[in-house]
């Protein structure tokens, strides 16, 4: 019987945010039912980590409410700091630079978390317990604020990946360095989010595999002069997500990564995709309907493989299971249900 937990996470956000649009559209919501149907065919439950503009999108809210009503998926929070209220100009052009939430003053961070949480809970009629940081930027303050807002589980960690070379605010220090973070679920220490603790916010990291050179010298992959040589000697981190350039040469790239993770004794498998990548023109990678069909062919191959040895679960469900296994009520934030319980009428 399949026993490895498989979590499908969808960063549910506006159309083609890589182009840094000033007017953000949400047409990709109309393309999500096809993906949901594929997941349900394999008894997988996607987690739609939802940002501000998608929380305002009536089409997505109607779709998301139906998904959670029949227990076929989960809604969580995904916060893009630059356009999530209350707005606070951090740079000369926040829509261009897309600053990280952790670059804002702490009171602004807290207000943005609470405002989006309240909006999501009002729109979906469910308590929010799951979260992923916008642009993967996370720290101890952020974790503490999530706990204070009632969240139980996060999935922002990309083990072995150093984001410091990826800027948010031009005057900032870049993203979070996850080079030495665990690749298994763990409760985060408030003093050091790379260290396991006995209680607190559960972290469920992305499925990422890195070559030895990257783990020792991640800076080499950010320097144009040496990047090509470094990639030839040892691959940069590979994620359990579609990579069009790689898969054009190797249609089984995601399956090979999944099998490698299984051989390494992975405790879980975590897949990610952006909602806009499921729409023609929603990203630079998938411009046409034929591109989307190509993507679905690869998703079906991956899901068919994983269905043989994985069981679908949501972040809220894996959180509840791990807390039960730990046998620690102290590990649970107060006044929240592990599953997405409806809010009181």
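Every read-out reported here was derived from the displayed coordinates using simple, explicitly stated rules and does not represent laboratory data. Predicted model only: the values in this text are computed from it and were never measured. Here the Cβ positions follow ideal geometry from the backbone for every residue, glycine too, while neighbour counts run over all protein chains shown.
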Task: Two-decimal Rg to Rh for region 1-99 - Kirkwood Rh, Cα set - done: 1.04
Open item on the list: Can you tell me what share of the DSSP beta bridges in the chain is antiparallel? A percent to the nearest 5 is fine.
Closed with: 25
Open item on the list: On alpha carbon coordinates alone, what is the Rg over Rh value for region 88-158, Rh being the Kirkwood radius?
Closed with: 0.97
- [ ] For region 27-184, list log₁₀ I(q)/I(0) at each q in 0.14 Å⁻¹, using the Debye formula over Cα point scatterers of equal strength and ignoring solvent, two decimals each.
- [x] -0.75
- [ ] Quickly rank 267-275, 17-25, 152-160 as a protection proxy: mean count of other C-beta atoms within 10 Å, highest first.
- [x] 152-160, 267-275, 17-25
Task: Gaussian network model of the chain, springs between alpha carbon atoms under 10 Å - residue of 55, 197, 29 with greatest fluctuation - done: 197
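Rounded if a/c is under 1.5, else prolate if a/b is larger than b/c, else oblate: which is region 106-200, with a ≥ b ≥ c the root eigenvalues of its Cα gyration tensor? Let's see the in-between values first.
On the way: a/c = 1.94, a/b = 1.28, b/c = 1.51.
Oblate, since a/c reaches 1.5 and b/c is not below a/b.
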Task: Projected label distance in nm at residue 38 and residue 118, using a 7 Å step from Cα toward the beta-carbon - done: 3.8
